[in-house]
1. List the residues of the stretch 75-107 whose backbone N lies under 18 Å from a point placed 7 Å from the Cα of residue 179 along the Cα-to-Cβ direction.
2. Rounded, prolate or oblate, given the Cα gyration tensor of the stretch 61-119, with a/c below 1.5 counting as rounded?
3. For the stretch 75-92, list residues with backbone N below 15 Å from a point placed 7 Å from the Cα of residue 123 toward its Cβ?
4. Could you tell me the distance between the Cα centroids of the stretch 52-66 and the stretch 77-100, to the nearest Å?
5. With a Förster radius of 25 Å, plug the Cβ-Cβ distance of residue 67 and residue 107 into 1/(1 + (r/R0)^6) and report the FRET value to the nearest 0.05.
Amino acid sequence: MPLPFDRPRPTGVAGPSDRIGVLDIGSNSIRLVIYDRLGRTSMPIFNEKVLCALGRGVERSRRLNSQGVTLALSNLTRFKALADGMGLPRLEVLATAAVRDAEDGGSFVQEVRERIGLPLRVISGEEEGRLSALGVLSGIPGADGVMGDLGGGSLELTQLNQGTVGTQVSLPLGPLRLMEAASGRLGGGLLRSLIRIWRLCRG
């Protein structure tokens, strides 16, 4: 007699072979999310985040936080083991602001590749904004306005024009960066970033 998980799935029901995972290496946290399938109606079946603060100090030193690197590498190895244990057929690994801005970002990328045996893609701020906007549109197809994605090391703003993705801007306004850069007053770079936000929101 076949076991329940050996029986054919009803049409349209996702199974383990349909699953897809995303490993997001951000400035403040790393997160593993596994979805039941790739599509507009994907449902997360696993979601875990670890605060590593890779981007703490990048604004000042231009290098990743060494304690954060150690914590990130150990948890990335653990996340990969979890994904393997679930029989995940596809895992996308992405890194954002801290890794793309740090002088030692390249060596971190290489270390991650060696640890987990998967390519790590460092995406641009504009690509980060575009992907975030597509996430909004997957839930609200006709969204119109400005989408904001605030991470630890950057803020992405993307215009949404009745369901289509418009102009994107990536600004160095994440809370980790602001704690270092602001120092109680608005510096020139910070002020210019705020002006760009105002212009984008004005359309």
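1. From the stretch 75-107, the list is 97-99, 102.
2. Values: a/c = 2.64, a/b = 1.97, b/c = 1.35.
Prolate is the answer for the stretch 61-119, as a/c is 1.5 or above and a/b outweighs b/c.
3. Under cut-off, by backbone N: 91-92.
4. Spelled out, the Cα-based centre of one part sits 21 Å from the other.
5. Numbers: r = 16 Å, r/R0 = 0.65.
FRET efficiency, residue 67 to residue 107: 0.95.
No value in this document is a laboratory result; all are computed from the given coordinates. All values derive from a computational prediction rather than experimental measurement. Note that each Cβ is placed from the backbone with ideal geometry, even for glycine, and that neighbours are counted across all protein chains shown.
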